[in-house]
1. The conditions are (1) under 14 Å from the mean Cα position of the chain (by Cα); (2) modelled with pLDDT under 85, and Asp74 fails exactly one of them. Which is it?
2. Consider the stretch 347-370. How many of its residues are modelled with pLDDT of 75 or more, part of a helix (DSSP H, G or I) and either hydrophobic (A, V, I, L, M, F, W, C) or within 23 Å of Ser115 (Cβ to Cβ) (or both)?
3. Of the residues Phe96, Phe49, which single one is under 15 Å from Ser389 (Cα atoms) and surrounded by fewer than 24 Cβ atoms within 10 Å (Cβ to Cβ)?
4. So which residues in the stretch 397-444 are crowded, with 18+ Cβ neighbours inside 10 Å and outside any helix (DSSP H, G or I), if there are any at all?
5. Test each condition in (1) free of Cβ contacts under 8 Å to residues at least 12 places away in the same chain; (2) part of a helix (DSSP H, G or I) for Phe52 and report the one that comes out false.
6. Among the residues that make up the stretch 84-93, is at least one of them over 14 Å from the mean Cα position of the chain (by Cα) and assigned to a helix (DSSP H, G or I)?
7. Go through Ala339, Ala308, Ala329, Ala300 for me and flag whichever is modelled with pLDDT of 85 or more and either assigned to a helix (DSSP H, G or I) or on the phi > 0 side of the Ramachandran plot (or both).
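The values are calculated or read from the model by the stated rules, or taken from the named source; none is laboratory data. Source: prediction; values computed, not measured. Note that we place each Cβ from the backbone using ideal geometry, even for glycine, and neighbour counts take in every protein chain shown.
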Amino acid sequence: MIQDVESALLLVADPTTILVVVLSAVFGLVIGALPGMTATLAAALLVPFTFFLDPVPAIAAIITMSAMAIFAGDIPSALLRIPGTPSSAAYTEDAFALTRNGKGTIGLGISLVASVLGGLFGSVLLIFVSPILGEFALRFTSYEYFWVAVLGLTAAVIVSKGSQLKGGIALMAGLLVSTVGLDVTLGHPRFTFGQEQLYRGVDFIAAMIGLFGLSEVLRAVTARRGDSMPIPKMEGRGTIRPTLRGIWRNRARVGSGSVIGGVVGALPGAGADIAAWIAYAVTRSTSRVRPGRGRSEKEAADDQRIEAISGASSANNAGIASAYVPTLAFGIPGDTITAILIGVLLVKGITPGPDLFLYQTDTLYSLYIIFIVANLLLLPLGFLLIRVSGMVLRIPRSILMGLIVAISICGAFAINNGYLEIGLMVLFGVMGYLFEKGGIPLAPVVLGIVLGPIVERNFMQSVIKTNWDLTQFFTRPISAVLIVLVVLAIASVPLMGWLGRRAERAVSRQGAEGRTPAGA
């Protein structure tokens, strides 16, 4: 083993590998910071270049890029209210609210450090637990994946700001949009209105850009002069210490988010997106931050946002690393990026699976080392990107709104090089504007579009192979555990509300008892 590690270190320390890691890191930060340019798209763009590289630099390029791109997606979320990557959509509202309250740099810093810690945890999980988790992931069938997706949908509703009913309405709207396209079982077109381009369904990236980005432009344009909120300045120097203090205060959230990301990311097809949503829901629903004891309602709300970002950001990057568990152990893609990586490995003559652990251990250990290096490199490059990103907010508001529209159009067009996505983006922009007017949250719409096909596909696969025997959904052991988690998630909303009201009554009672002697 020591010889394999030494060989792996020599492979990673090769000047070509180091150069590829640095260039891929910069590429990932740039792509991730552009709305609509996902980490999957960046991985696809890297594939032609990997043909000219040796196996280890080729693997390093994709791993480093994905780690950078997932965090960089938080930049447009905080600055422009446009999620750079789908996993950023879970806490876009919170990141943007922190920027409006003058805490944008601290929020991004906490997201960065939490991402690094989560990525390192996922790397450790990949190194030591990949055979165990990989075997566990193989036990998942369509029944279990159905309940995993339902758990993600439940998370969207329970974390909805304000009324859970409005969160449910938003989720139903997203699920309705997800039915557009070809039926997953019969292949019949649904709600396509004769447009063949809609056979592939509504792309969630176009919907995401419209709901979050274009709707914000519409809100700014239609607002009265007195109601229009000016874009604040980002903080300058002196944000590292507040960031580290915030991470230390929320260390339990970073830990729980990393665990959730590590476990969910190891499930084939789940990936960082669902992991971020579940971690966000767990963090929000179990938050004990309340106004009082010298903390105003605004400060408490900001602390809750930072708490939620800590949990979801750590889950993001932990999910990236753990998604390689089924990929390396059994050759089953953990997400879309690992699916691309499998193709690169096969081209290089490397077959993912048990043989990789037996006969190509130097390449395997190189992959482990690259994960750790990529996450450590994210820390300085991420802080540099945060410092540079503040320049965006110095642009005059009128010009910035025009740039947002231009970036949104380019991002939507780049999805399939078609004009349909631009029209969909505009449609969802209007929809997002109207939803916000009615106090309906936007994030559940995106999650409904993403998870809707997963729920439908796994449900139909399950009932077809059992001739509509629905008892299989409830009698399988792993399904039963997931059902219990869904029930607990739903029950956590009234339970946490009851506990919060009880704590407030206790505090007010103590205050009244403390004032009684003074007035006597």
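1. Single failed check for Asp74: (2).
2. Total satisfying the criteria: 7.
3. Just one listed residue meets the conditions, Phe96.
4. Ile440, Pro441, Leu442
5. Only one criterion is unmet by Phe52, namely (2).
6. no
7. On inspection, the qualifying residue turns out to be Ala308.
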